[in-house]
Amino acid sequence: MEKYIELALKNLKIASLNKMQKESIEVNKTQQDCVLLSPTGSGKTLAFLLPLLRFLDEKQNHVQALIITPTRELAIQIESVFRSLGTPFKVNATYGGHSMRVEENNFIQAPAVLVGTPGRICDHIQRGNLDLENVSTLILDEFDKSLEMGFHDQMEYILAYTKGLKKRMLVSATEMSEIPTFTGIKDSIEINYLVEKSDNLTLKMVVSNEKDKLQSLFDLICQNSNEPTIIFCNHREPVERVAEFLADLGIVVTFFHGGLEQAERERTLIKFRNGSSNYLVTTDLAARGLDIPEIKYIIHYHLPLTKDAFIHRNGRTARMSASGTSFLLVTKDEELPKYILEQNIPVEAIKEESFLPKEPKWETLYMSGGKKDKINKIDIVGFLSKKGNLEKDDLGLIIVQDFTSYAAVNRKKIRQVLAAIKDEKIKGKKLKIGISR
């Protein structure tokens, strides 16, 4: 209903939606299927969540909408964004690495909106935990990525249990030559913003004299201002090697890839998102679907294997109206793919004099309590302000999960905070509190 959309915009404190989001709301007033094509970072999550509100009914007590997404991080992100809309509808996320017991308990009172990864949704169906018979709205987010990751069979299995579908939305960051028949999408309306390119992205090439390029990477980082930067590698092993090299030289850096445990992945993204580290070394897993705003620099330590991967990596910067720079770090003898050569990217020399970036303002505080312990953001702000003697400006982003919480605290004051609160309780509970590693 329109009242829910108005409420959501008020709660989000958004003065105006972008062109693509407005068109999606208008187009999706009916139950006709829709295919939404738009680049990474263009605001697709709101573009499908806001129209979805029209098709939810407070009187229903079953899963009404199913959102299938390829990664755990994206499932968590969509759940968080939906909660921030402030509607009366319950939402839950289900994904590998999350407590099966918690998810089963969440289903006792069925959420109106369920967000999940294909494998974990299949698990719940097979265990008899999940009834999707009355789902009326289906959203396939980052559908091209789901196919790329090999989730075709799982998605087809899930959709066999959604016999009551009335509305389907397929969301993708790349053009699709053919939509698989198992989606049931036909006679759909297409919203296509892929042709619109950002004029705010600057491409530069840096030529390294060394084969491993590590020293050149360090010099490039020191040359740039201390702004949020993503460094892309093609495989997991070099991700960790590059991060370790930079850390040994005094750079506050985090790393992210699919081989990490879910809790490690979440902590890494939290620290990067809240500004405890301005440098993230990662595989292409972070190229799409993650809520990582305001990235100033992209550095391709390894050139991506495909043109699409190059586009998605670069899509992490120069988003909306912001500007950004993408650096291609290559060796003198490196063979460049055609999609790079045809762009005539200018070469930039690294300055001889540069300085180690300043440490970030924030450091992340970990707490062993969360939503399931009835702890919320207001509780944490009050606790750290009163017991930790922190001023308002000494607290940054606070994230509360089911059993853990994280708060960005002024790096210069975090030791004194830990000393002040070591014997204190929050809401009558003694929690384990320390610097997040």
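I'm trying to understand the selection: among the residues of region 5-46, which are β-branched (Val, Ile, Thr) and modelled with pLDDT of 85 or more?
Of everything in region 5-46, those that are β-branched (Val, Ile, Thr) and modelled with pLDDT of 85 or more turn out to be Ile25, Val27, Thr30, Val35, Thr45.
Within the group Lys372, Lys392, Lys361, which residue is over 18 Å from Gly275 (Cβ atoms), among the basic types (Lys, Arg) and within 28 Å of the chain's Cα centre (by Cα)?
On inspection, the qualifying residue turns out to be Lys372.
For region 28-64, how many residues are basic (Lys, Arg), touching a Leu at 6+ places or on another chain (Cβ under 8 Å) and without any contact (Cβ under 8 Å) to a residue 60 or more places away in the chain?
Residues meeting the conditions: 0.
Only one of these conditions is not met by Thr331: (1) over 13 Å from the mean Cα position of the chain (by Cα); (2) closer than 26 Å to Ser146 by Cβ. Which number is it?
For Thr331, the failing item is (2).
Please verify whether Glu244 is farther than 25 Å from Pro70 by Cα, of a type outside the set (Val, Ile, Thr) and part of a loop (DSSP other than H, G, I, E, B), treating the condition exactly as stated.
no
Scan region 70-81 and give yes if some residue there is more than 18 Å from the chain's Cα centre (by Cα) and of a type in the set (Val, Ile, Thr), otherwise no.
no
Kindly indicate the residue of region 16-73 that is among the small types (Gly, Ala, Ser) and part of a loop (DSSP other than H, G, I, E, B) and also farthest from Leu130 (Cα to Cα) among those meeting that condition.
Ser16
Any residue in region 115-130 that's under 11 Å from Ala93 (Cβ atoms): show its pairings with residues that are of a type in the set (Val, Ile, Thr) and part of a loop (DSSP other than H, G, I, E, B) at Cβ separation under 9 Å, as long as the two are six or more apart or on different chains.
Correct list of pairs: Val115/Thr69; Gly116/Thr69; Thr117/Thr69; Thr117/Thr71.
The rows are residues; the columns are (1) at pLDDT below 95; (2) assigned by TED's automatic domain parsing to the domain that holds His312; (3) not hydroxyl-bearing (Ser, Thr, Tyr).
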site: Thr254; (1), (2), (3): no, yes, no
site: Glu266; (1), (2), (3): yes, yes, yes
site: Tyr279; (1), (2), (3): no, yes, no
site: Gly289; (1), (2), (3): yes, yes, yes
site: Ile295; (1), (2), (3): yes, yes, yes
site: Ile299; (1), (2), (3): no, yes, yes
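Give me a count of the residues in region 92-108 that are in a loop (DSSP other than H, G, I, E, B), surrounded by fewer than 16 Cβ atoms within 10 Å (Cβ to Cβ) and in contact (Cβ under 8 Å) with a residue 60 or more places away in the chain.
3
Kindly evaluate Leu280 against the criterion of being of a type outside the set (D, E, K, R) and under 30 Å from Ser368 (Cβ atoms).
When the stated conditions are applied, Leu280 passes them.
Do we have Phe89 as at pLDDT 90 or above, assigned to a loop (DSSP other than H, G, I, E, B) and farther than 24 Å from His152 by Cβ here?
It is true that Phe89 is at pLDDT 90 or above, assigned to a loop (DSSP other than H, G, I, E, B) and farther than 24 Å from His152 by Cβ.
Hey, any hits in region 399-422 for a residue that's in contact with a helix residue (DSSP H, G or I) (Cβ under 8 Å, 6 or more places away or on another chain), farther than 24 Å from Phe272 by Cα and not polar (S, T, N, Q)?
Yes, because at least one residue in region 399-422 is in contact with a helix residue (DSSP H, G or I) (Cβ under 8 Å, 6 or more places away or on another chain), farther than 24 Å from Phe272 by Cα and not polar (S, T, N, Q).
Can you confirm whether region 199-213 contains a residue that is at positive phi, not acidic (Asp, Glu) and not assigned by TED's automatic domain parsing to the domain that holds Leu52?
yes
Does Thr181 satisfy the criteria of being under 19 Å from Thr45 (Cα atoms), surrounded by fewer than 21 Cβ atoms within 10 Å (Cβ to Cβ) and of a type outside the set (Lys, Arg)?
So Thr181 does not fit the description; no.
Looking at region 65-81, is at least one residue of a type outside the set (Gly, Ala, Ser) and over 29 Å from Leu397 (Cβ atoms)?
For region 65-81, residues of a type outside the set (Gly, Ala, Ser) and over 29 Å from Leu397 (Cβ atoms): present.
Out of region 122-160, which residues are at positive phi and touching a helix residue (DSSP H, G or I) at 6+ places or on another chain (Cβ under 9 Å)?
Answer for region 122-160, where residues must be at positive phi and touching a helix residue (DSSP H, G or I) at 6+ places or on another chain (Cβ under 9 Å): just Glu142.
Return the residues of region 14-66 that are under 12 Å from Ile139 (Cα atoms) and of a type in the set (Val, Ile, Thr); say none if nothing qualifies.
Correct list: Val35, Thr45.
Taking the condition of being over 20 Å from Gly43 (Cα atoms), among the charged types (D, E, K, R) and in a helix (DSSP H, G or I), how many residues in region 260-318 meet it?
Number of matching residues: 6.
Name the pairs: first residue in region 65-80 and of a type in the set (Ser, Thr, Tyr), second residue assigned to a helix (DSSP H, G or I), Cβ to Cβ under 6 Å, at least 6 apart or on different chains?
Qualifying pairs under 6 Å: Thr69/Ala75.
Please go through region 367-402 and give me each residue that is touching an Asp or Glu at 6+ places or on another chain (Cβ under 7 Å) and under 23 Å from Thr268 (Cβ atoms), ordered by number.
Gly370, Lys371, Lys372 - these are the residues of region 367-402 that are touching an Asp or Glu at 6+ places or on another chain (Cβ under 7 Å) and under 23 Å from Thr268 (Cβ atoms).
Going by what's in this entry, would Gln21 be described as of a type outside the set (D, E, K, R) and over 23 Å from Gly315 (Cβ atoms)?
Answer is no for this residue.
Taking region 168-180 on its own, how many of its residues are modelled with pLDDT of 95 or more and either more than 27 Å from the chain's Cα centre (by Cα) or under 30 Å from Glu335 (Cα atoms) (or both)?
0
So which residues in region 6-39 are closer than 22 Å to Leu290 by Cα and buried (at least 20 other Cβ atoms within 10 Å of the Cβ), if there are any at all?
Correct list: Ala8, Met20, Gln21, Ser24, Val35, Leu36, Leu37, Ser38, Pro39.
If Lys3 meets every condition in (1) over 17 Å from Val171 (Cα atoms); (2) in a loop (DSSP other than H, G, I, E, B) apart from one, which number is that one?
Going through the list (1) over 17 Å from Val171 (Cα atoms); (2) in a loop (DSSP other than H, G, I, E, B), Lys3 breaks only (2).
The values are calculated or read from the model by the stated rules, or taken from the named source; none is laboratory data. None of these values were measured; they are calculated from a predicted model. No Cβ is skipped: glycine too gets one built from the backbone with ideal geometry, and neighbour counts run over all protein chains shown.
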